[in-house]
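What follows is a single structure, written as structure tokens, with notes after it.
Throughout, read-outs are computed from the coordinates displayed, never taken from laboratory work. Since the structure is predicted, the reported quantities are computational estimates derived from the model, not experimental observations. Because the Cβ atoms are built from the backbone with ideal geometry, glycine has one as well, and the counts that use them run over all protein chains shown.
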Amino acid sequence: MEFLQTSLDGILFGSAYALLALGFSLIFGIMKRINLAYGSSLLLGSAIAVWVNEHIGLGPLGLFLVTITAAALVNIYVERLCFCPHVGKTGVTASMIASFAIWMQLDEISSQLLPQRTHEFPGIEIGSVEIFNLYLRGDQILNLWIAIIAISALFLILRCTRFGLLLRASADNPETAKLLGANVSRIGIVTFAIAGFLGGTSAFLILSSDGHVTPLFGLWSTIKGLVAMMLGGVGSLVGAVLGGLLLGFLEAHTTNLFGAEYRDISTFGILFLVLILRPGGLMGVAHYRTDRLAHERI
Amino acid sequence: MALPQTQVGATDMLSVSNLTTSYGLIKALNDVSLVAKEGQVTCILGPNGAGKTTLMFTLAGILKPVSGSVQFDGIEIAGLGAPKVLQSGLSLVPENRLVFPLMSVRDNLMAGAYLRHRSKRIEVENDLEKMYERFPVLKQREEQNAGTLSGGEQQMLALARALMSRPKMLLLDEPSVGLAPKIVDEIFAIITQVKSEGMSIVLVEQNAIKALQVADHFYFLDQGRVSFNGNPNELENEDVIRRAYLGQ
């Protein structure tokens with residue numbers, strides 16, 4: 001029973017990791033570049049929302065909307081500055097280093113916005129539910145639903161819309177997509193905006209269940225998102241969702257077994273194991289065998 | 001440089017004058033002028049590095065020319081960029097096919113009609129059925145990833161994808177490259193069929209003998225310049241090839 005309870009807690013929390021990893025994976029899949037400033041963009045988005053909340057007051061819905069909008073806007077700013085100028089050139093390292101620099105800038109702006117280290121991030125108060133002796137926090141169930149809706153929306157957009165078709169085409173073969181009339185500059189903006197919405201949703205879910213935000217959230221979410229993405233398989237969206245859930249699951253169990261101070265060590269240990277046994281991540285191998293283009297670009 | 005003389009009768013669909021394209025300091029195309037007529041196959045021949053693919057990319061709007069003009073169907077398209085060039089009715093089938101390997105055959109074809117999706121949804125669906133009629137093998141492989149098709153099937157897919165944009169003129173860059181002789185014959189049969197339906201085609205080929213069989217007019221490109229041009233009927237194929245590759 002304890003095992004079930006821990007697994008459930010882990011998977012509920014893992015749904016937020018899945019959103020983080022999806023944002024990373026989307027950017028990597030389409031631009032073939034790692035965005036190191038991703039976590040900091042989410043931090044700044046949340047910091048803006050908290051700042052607005054402290055000055056004029058927002059309800060939970062308002063806080064959510066401001067968080068995801070601000071995160072998307074900051075993400076677009078990062079894209080214009082670090083990624084857009086290098087599209088179509090061999091600027092893989094240039095983009096990554098530029099995003100590292102922007103990471104520092106965004107962290108600094110966030111600290112200026114929220115001068116004391118800890119600020120309240122009001123959550124949604126819902127009582128817990130008990131099913132078959134399993135306790136579920138109400139807000140975490142809500143989080144799971146929000147994550148499911150966001151993930152389904154992303155997959156629907158990619159599968160069923162004209163723009164999704166174009167995004168998949170650009171991820172597959174950017175040069176040819178250009179040939180078929182794709183506006184590469186617009187694809188970059190929309191990709192980063194979608195990643196911002198996903199990441200902003202994730203930030204809201206995580207911060208509202210923590211109840212507070214600190215400037216460390218930027219680095220923390222970059223690492224969690226990257227680890228979840230690598231576990232699942234770099235560039236694979238289904239893999240990102242699985243990786244996120246798996247990370248939540250593993251963290252809950254290692255915390256339960258060894259205590260919170262060993263949580264990250266155990267998680268990284270498992271990541272190393274996965275990377276040794278399946279270097280492309282859990283879902284990444286089949287993907288990479290056929291994806292010659294991605295191979296050349298890494 | 002004066003525009004070259006071509007047959008009378010058909011109207012000029014594409015006329016290129018004094019086109020120059022550079023990669024940095026190197027001029028890949030140097031003052032190229034040529035004309036492609038409506039309903040005809042105009043063939044561009046030349047050895048490796050002559051600038052054939054550069055010419056195709058410049059016409060399709062991928063590369064920006066340094067100078068010169070490209071008139072297509074009455075409008076100036078030089079330097080407009082790929083989306084606008086495609087919208088004006090000029091569609092490129094790139095060298096080595098370049099299909100989307102991880103997308104289904106159907107999605108590849110739909111991506112070809114990307115610019116028409118919003119306004120003409122039903123028309124696009126109809127065109128898709130027409131492509132399946134013309135290339136039954138694509139219908140069979142509809143849900144398969146394009147990367148799993150054979151070279152010849154990928155070439156058909158690339159051709160069908162280009163036709164999905166309902167072009168007025170097709171630019172074919174080396175459709176026979178890397179294919180077995182029997183498949184090459186099939187591809188050229190399709191080119192002849194597309195031409196007989198009234199499509200104007202600019203064809204780049206290394207396989208000069210095959211290309212001259214379908215061409216109405218040819219240009220020979222050497223080191224970024226048009227070295228000579230003519231009508232395949234006026235010259236023996238062997239003469240063309242001798243003049244072209246041996247410089248006689």
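Between A:LEU257 and B:VAL137, the simple label model (points 7 Å from Cα in the Cβ direction) yields a spacing of 5.3 nm. Within the listed set A:GLU108, A:GLU79, A:GLU130, the residue fluctuating most in the Gaussian network model of chain A (springs between alpha-carbon atoms under 10 angstrom) is A:GLU130. Once the C-beta distance of A:GLN116 and B:PHE228 is scaled by a Förster radius of 56 Å, the resulting FRET efficiency is 0.10 to the nearest 0.05. Would you mind calculating the gained length between A:MET1 and A:THR161 on full extension (0.36 nm times residue separation, minus the Cα-Cα distance), in nm to one decimal? Fully extending the segment from A:MET1 to A:THR161 adds 53.2 nm.
Looking at chain A, do any whole DSSP H helices span at least 30 angstrom along their long axis by alpha carbon and average -1.0 or above on Kyte-Doolittle, and which? Going by DSSP H runs, the hits are A:2-31, A:92-113, A:138-160, A:184-210, A:237-258. Over chain A, with a Gaussian network built from C-alpha contacts below 10 Å, which listed residue (A:THR254, A:THR67, A:THR118) shows the highest mean-square fluctuation? Judging by the Gaussian network model, the answer is A:THR118. With axes computed from alpha carbons, what is the tilt in degrees of helix B:181-196 against the longest principal axis of chain B, rounded to the nearest 10 within 0 to 90? Helix B:181-196 sits roughly 90 degrees off the main axis of chain B. Modelled label positions at B:LYS120 and B:ARG166, each set 7 Å beyond Cα in the direction of Cβ, lie 0.1 nm from each other. With the cut-off at under 18 Å, measuring from each backbone N in the range B:47-80 to a point 7 Å along the Cα-to-Cβ line of B:ILE209 picks out B:47. Using R0 = 25 Å, the C-beta based FRET efficiency linking B:VAL177 and B:SER69 works out to 0.25.
Taking 60 Å as R0, compute the FRET efficiency from the Cβ-Cβ separation of A:PHE132 and B:ASN96 and round it to 0.05. Between A:PHE132 and B:ASN96 the formula returns 0.55.
Residue by residue, the range A:127-137 carries 3J(HN,Hα) couplings of x, 8, 10, 10, 10, 6, 6, 9, 9, 10, 6 Hz when phi is fed to the Karplus relation 6.51 cos²θ - 1.76 cosθ + 1.60 (θ = phi - 60°); x denotes Gly or Pro.
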